[in-house]
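Peer 1: The structure follows.
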Amino acid sequence: MIANLIVGGLAAGCLYAMVGIAIVIVLNITDIANFAQGEMAMVTTFFAYWLLDSVGLTWWQAVPIAVLFGLVQGIVIQQVVIRPLIGSPVLSAIIATLGLNIVLNSVAGLIWGHQTYTFPSPFAFSPPFMIGTVPVSVDSVVNIAAGLAIVIAMTWFLRFTWIGLGLRAASQNPTVARMMGVSISRTSAIAWGLGGLVGGISGILVAPSLFLDTNLMGALLIKAFAGGVLGGLNSLIGVFLGCLALGVAENLVGAYLSPAFGEAITFIIIIAVLIVRPEGIFGRVKARKV
Amino acid sequence: MARLSVENVSVDFGGIHALRDVSFELESGAIVGLIGPNGAGKSTLLNCVSGITRPTRGQVRLDDAVLSALPPATVAGCGIGRVFQHPELVVDLPVRENLLIACHRSLGYGLVSELLKLPNVWAAERAAARRVDHVLERLGLSDSAELAIRNLPYGHRKLVDLGRALLMEIRFLLLDEPIAGLNDAEVAKLRDLLLRLRQELGLGILVVEHNMPFVSGLCDRLVVLDLGRLIANGPPVDVLRDPKVMASYLGEDA
Amino acid sequence: MSVAADITRAQRQAASFGVSSVLLGLCFAAACAAPFVLNGYGLYVLTLTGVFALVALGLNLLTGYAGQISLCHAAFFGVGAYATAILTQKVGLPYLLSILVGGLLTACIGAVVAVPAMRLKSLYLAIATLGFGVVLQKIIFEWRSLTNGGGGLALSPPAIAGYELGATGLYYLTLALVTLGIWGAWNVSRGRTGRALLIIKESEIAAGALGIPAARYKVIAFAISAFYAAVAGGLFAYLVRYIHPENFSVGLSIAFLSMVVIGGLGTIGGSIVGAAFYVIVPELLRGIKDAPGLVFGLLLVIVMVLMPQGLWGLVRRLGRRA
């Protein structure tokens, strides 16, 4: 019984983690918290749905195209909304992402309405894996595998590729990075593109279980942030583990205390972390030069 | 007479030893220069005195009171004024309003009084306005009082920053590279201003600077840091001839 | 803008003070005369504008002056609404007292939410308030014994000193509270707290060097803005006479933020204009469900990128050229 809850919590946590990773990539490289991350993912998922439903592609054909759409969406948003704001106070960019949040939500509503759609998953009818006596749905396994894959891929990308190094350099010291030939605007675009891509993946994976409508990602966004705060907003591993922990905690608290408490745990965790260890479990304190 | 003491202060940032066992004193009425090559820890030391950075070991004291455990706003309230390398002023407000911000503590009225604009608020604001006028005159900025900061030349912005510190009824003034970006005329004016402030108000002044003629002409004493350690402390004439000091600036094979 | 323009602007400001006082007086007189001119629906819209203006005035202090983002002001609005309703209907307190108590209670809750986050970057406050807004909606929903949960609360008309407040009475009460709210906000903006918030927004380190404890003042701004929102909620509850947890979602919090931003951050006029805008646009776009959201969202982005002074800034620029 408890094993079920934990596995379920891990699977849910991985979904939060994917949104969280998208947020953390953008946050660490461009210093902007993208409060529209969830809605961007929702739009990408609706696009995938359109490919599946109206265009008639298979899941395996539609998803790569949709993910590419997510990438392009991220870059476009960065170029149109974020780039003009480079140099303005961070407050302006956060407000702009909130505006974007509403815009994307409204546009999706105008195009697809407010009904709920079923989003298919190719694993829906596969028999569950068995870990000992605990049945684990294939969907859960895929979510966990995808989460792990993304964390590993992103970490490798940022640490071992030239582009990744450029991204990290730009985030730590834009002036010097610029002198070394790193284009700040381009790294910003790449970061936002990656965020859109990863977010899109998360939306497509979560839609089958939560059903597709304009409110799909709203709740996930806050959980992604909460997991990020818990694990450390400047650490990819941190946000991944923090979101996993959050998913498991939600399930356990929801089962043993009450469902309402399970929801509240998100907020309680945020506040507790902010009081005790604001940089998160795996986070590092960033020193400020005065 | 008050005394600001830095006692065995060490600061570690992770693996970096920004300051190692630094001790010196600043009395009221003394002007001390803090010099050293880049990365020596000068700004870190100022931050320790201001309360922005907490020393890993050691303490900063004002007479008998320990400052280093206090938050920056409280340290400022004890009479320690700080002028930063880059003035951070509210650019959309005029000079006068920016200076009024510094009167915050002396205005002292409560939130409820402020919401209801009670008579004590009117009186306090009038008194503060007079003090601001006085400081504007002292700094020669009276004509610029209504100008927005964004329209002010850099040298005047630094003066406004200094004016903010003066309005706080300070006993000690910490200046971080005050003449960076100023032309010769402005440098001379600042030097005279600091000397007058020392004379008229009995301020103890600690100046971080790179410009040797400026510090030797202004300061009674020089304190030299190199790689976080204090390597000299004495009159400019002696310190600038000290072989250790020359080595730290020019490299070992001098 | 040149130095000469600064000086002539100061001189003109002194002269125009006389003009603005007259304009203000006219506006107030018009506001007082409104119930005799407007029909029931028009009066409702105007009262609603007043309610949102009150929220905006408080939020403007937090976001426009202190530069902090809150994503839970709909929750404070809701707490004020429910607190006023419960205190008036179940506990039997006089309506005005309920509003005041609800406001103070919410201010305390606001302080508790804000304190852990205030020593950190404003992002953490945004996240904490986002979490709080979600949780509070849940609490209102689940605490059925107190709030009737998803069933909502139906309210009978309020009374002051025995006289029942109809639409006109509620309008004048709103007008009075908005006037008080404007006056209080104006005093704070001209006082040491307002100035402290401005330097905190610019640089918390500079604020510290001036003896201003940044964290404390951010909490104060937060609590004041929560108070304003809660009082507005108390009015709102009795304007619509039926409140439901769905009313007070994170979406409404973002809408509140868009009010102050589109109106013009950091200005009292901006708060009023933003509130009016927020009430009028859905009326104009009635029928198309997502159209108002699209308009607000787009404007939020456009204002940030192209016209940071908002609509009020536009009005002032036109006024200066006139």
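Peer 1: Pull out a ≥ b ≥ c, the square roots of the eigenvalues of the alpha-carbon gyration tensor of region B:90-156, then state rounded if a/c is under 1.5, prolate if not and a/b is larger than b/c, and oblate in the remaining case.
Peer 2: Prolate, because a/c is 1.5 or more and a/b exceeds b/c.
Peer 1: When all C-alpha to C-alpha distances in the protein assembly as shown are sorted into bins of 20 Å, what percent of pairs does each bin hold, rounded to whole numbers?
Peer 2: Histogram of Cα-Cα distances, whole percents per bin: 14, 42, 34, 10, 0.
Peer 1: With N set to the residue count of chain C, report its C-alpha Rg divided by 2.2 N^0.38 Å to two decimal places.
Peer 2: For chain C, the normalised Cα radius of gyration comes out at 1.00.
Peer 1: Let me ask something additional. Take the alpha carbon atoms of region C:223-301, find their center, do the same for region B:69-146, and report the distance between the two centers in whole angstrom.
Peer 2: Region C:223-301 and region B:69-146 have Cα centres separated by 35 Å.
Peer 1: If you average 1/r across every pair of different Cα atoms in chain B and take the reciprocal, what Kirkwood value do you get, in Å?
Peer 2: Kirkwood radius, chain B: 19.2 Å.
Peer 1: What is the magnitude of the charge dipole of the protein assembly as shown about its Cα centre, with +1 placed on the Cβ of each Lys and Arg, -1 on the Cβ of each Asp and Glu, and no other charges, expressed in debye to the nearest 20?
Peer 2: Result for the protein assembly as shown is approximately 780 debye, rounded to the nearest 20.
Peer 1: Cα to Cα, under 19 Å, and not fewer than 8 places away if on the same chain: which aspartates and glutamates meet these conditions relative to B:Lys244?
Peer 2: Counting by Cα, and skipping residues close in sequence, B:Lys244 has these aspartates and glutamates nearby: B:Asp21, B:Glu209, B:Asp226, B:Glu252, B:Asp253.
Peer 1: Using label points projected 7 Å from each Cα along Cα→Cβ, tell me how many nm separate B:Asn183 and A:Ser54, to one decimal.
Peer 2: About 6.6 nm separates the two model spin labels.
Peer 1: Calculate how many DSSP beta bridges within chain B are antiparallel, expressed in % of all such bridges and rounded to the nearest 5.
Peer 2: In chain B, DSSP labels about 55 percent of beta bridges as antiparallel.
Peer 1: Kirkwood hydrodynamic radius, region C:63-157, all distinct C-alpha pairs: what's the number in Å?
Peer 2: 14.3
Peer 1: When the helices in chain C are scored as -39500 (n - 2.57) per DSSP H run of 4 or longer and the sum is shared across all residues, what 222 nm value do you end up with, to the nearest 500 deg cm²/dmol?
Peer 2: -25500 deg cm²/dmol, from helical runs alone.
Peer 1: Which chymotrypsin sites (Phe, Trp or Tyr not before Pro) in region C:81-171 sit in a loop by DSSP (not H, G, I, E or B) and have at most 15 other Cβ atoms within 10 Å of their own Cβ?
Peer 2: C:Trp143
Peer 1: Related question: Amide H of B:Ala232: which non-local residues (sequence gap of 5 or more, or other chain) have their own amide H closer than 5 Å, using H built in the peptide plane?
Peer 2: B:Val224
Peer 1: Taking the number of other C-beta atoms within 10 Å as the exposure measure, put B:Met212, B:Met1 in order starting with the fewest.
Peer 2: B:Met1, B:Met212
Peer 1: Taking beta carbons within 10 Å but only from partner chains, what does the mean come to for residues A:261-273?
Peer 2: Neighbouring Cβ atoms belonging to other protein chains average 5 per residue here.
Peer 1: Let me know the shape class of region C:184-322, please: from the alpha-carbon gyration tensor, a ≥ b ≥ c as square roots of the eigenvalues, rounded when a/c is under 1.5, otherwise prolate if a/b is greater than b/c, or oblate.
Peer 2: Oblate is the answer for region C:184-322, as a/c is 1.5 or above yet b/c matches or exceeds a/b.
Peer 1: Tell me the mean residue ellipticity at 222 nm calculated for chain A from its helices only (DSSP H runs of n ≥ 4, each -39500 (n - 2.57), averaged over every residue, nearest 500).
Peer 2: So the helix-based figure for chain A works out to -24000 deg cm²/dmol.
Peer 1: Here's another thing I want to ask about it. Can you compute the FRET efficiency between A:Ile111 and C:Arg241 using 1/(1 + (r/R0)^6), with r the Cβ-Cβ distance and R0 = 51 Å? Round to the nearest 0.05.
Peer 2: The value I calculate is 0.90.
Peer 1: For the modelled label position 7 Å from the Cα of C:Ala154 along Cα-to-Cβ, which residues of region C:87-127 have backbone nitrogen atoms closer than 19 Å?
Peer 2: C:87-91
Peer 1: Mind pulling the angle between the C-alpha long axis of helix B:184-201 and the longest principal axis of chain B? Nearest 10 degrees, somewhere in 0 to 90.
Peer 2: That works out to roughly 80 degrees.
Peer 1: Extension gain A:Arg284-A:Asp31, at 0.36 nm per residue separation less the Cα-Cα distance, in nm?
Peer 2: Net length gain for the segment: 89.6 nm.
Peer 1: Under a crude label model (7 Å from the Cα following the beta-carbon direction), how far is B:Glu200 from B:Asp143 in nanometres?
Peer 2: With each label point 7 Å from Cα toward Cβ, the separation is 2.0 nm.
Peer 1: Based on alpha-carbon centroids, what's the gap between region A:165-179 and region A:213-290 in Å, whole number please?
Peer 2: Region A:165-179 and region A:213-290 have Cα centres spaced 29 Å from each other.
Peer 1: Assuming R0 = 35 Å, can you tell me the calculated FRET efficiency for the pair B:Asn8 and A:Thr175, based on Cβ-Cβ distance, to the nearest 0.05?
Peer 2: 0.50
Peer 1: What is the mean number of Cβ atoms from other protein chains located within 10 Å of the Cβ atom of each residue in peptide C:211-218, rounded to a whole number?
Peer 2: 5
Peer 1: Can you give the percent of C-alpha pairs in region C:94-237 whose distance is more than 19 Å?
Peer 2: 62
Peer 1: Between B:Asp220 and B:Glu25, what is 0.36 nm times their sequence separation minus the Cα-Cα distance? Round to one decimal in nm.
Peer 2: My answer for the length gained is 68.9 nm.
Peer 1: Is region A:1-136 rounded, prolate or oblate when judged by the Cα gyration tensor, a ≥ b ≥ c being the square roots of its eigenvalues, rounded requiring a/c under 1.5 and prolate requiring a/b larger than b/c?
Peer 2: Oblate shape, in that a/c is at least 1.5 and b/c is the bigger or equal ratio.
Peer 1: Add -39500 (n - 2.57) for each DSSP H run of 4 or more in chain B, then divide by its residues: what number comes out at 222 nm, to the nearest 500 deg cm²/dmol?
Peer 2: Per the formula, -11500 deg cm²/dmol.
Peer 1: Which helices pass in chain A if a helix is a full DSSP H run, must span at least 18 angstrom along its long axis by Cα, and must have mean Kyte-Doolittle hydropathy not below 0.0?
Peer 2: Those that clear 18 Å and a mean of 0.0 are A:2-30, A:37-50, A:59-77, A:90-112, A:138-160, A:184-210, A:218-231, A:236-256, A:259-276.
Peer 1: When the chain is fully extended, how far beyond the present Cα-Cα distance does A:Phe125 get from A:Ala3, taking 0.36 nm per residue of separation?
Peer 2: Here the answer is 41.7 nm.
Peer 1: Per-residue mean of other chain beta-carbon atoms within 10 angstrom of the beta-carbon, peptide A:103-115?
Peer 2: For peptide A:103-115, the averaged partner shielding equals 4.
No value in this document is a laboratory result; all are computed from the given coordinates. In this text, all values refer to a predicted model and were calculated from it rather than measured experimentally. Using ideal geometry, Cβ is built from the backbone for each residue, glycine included, and neighbour counts are taken over all protein chains shown.
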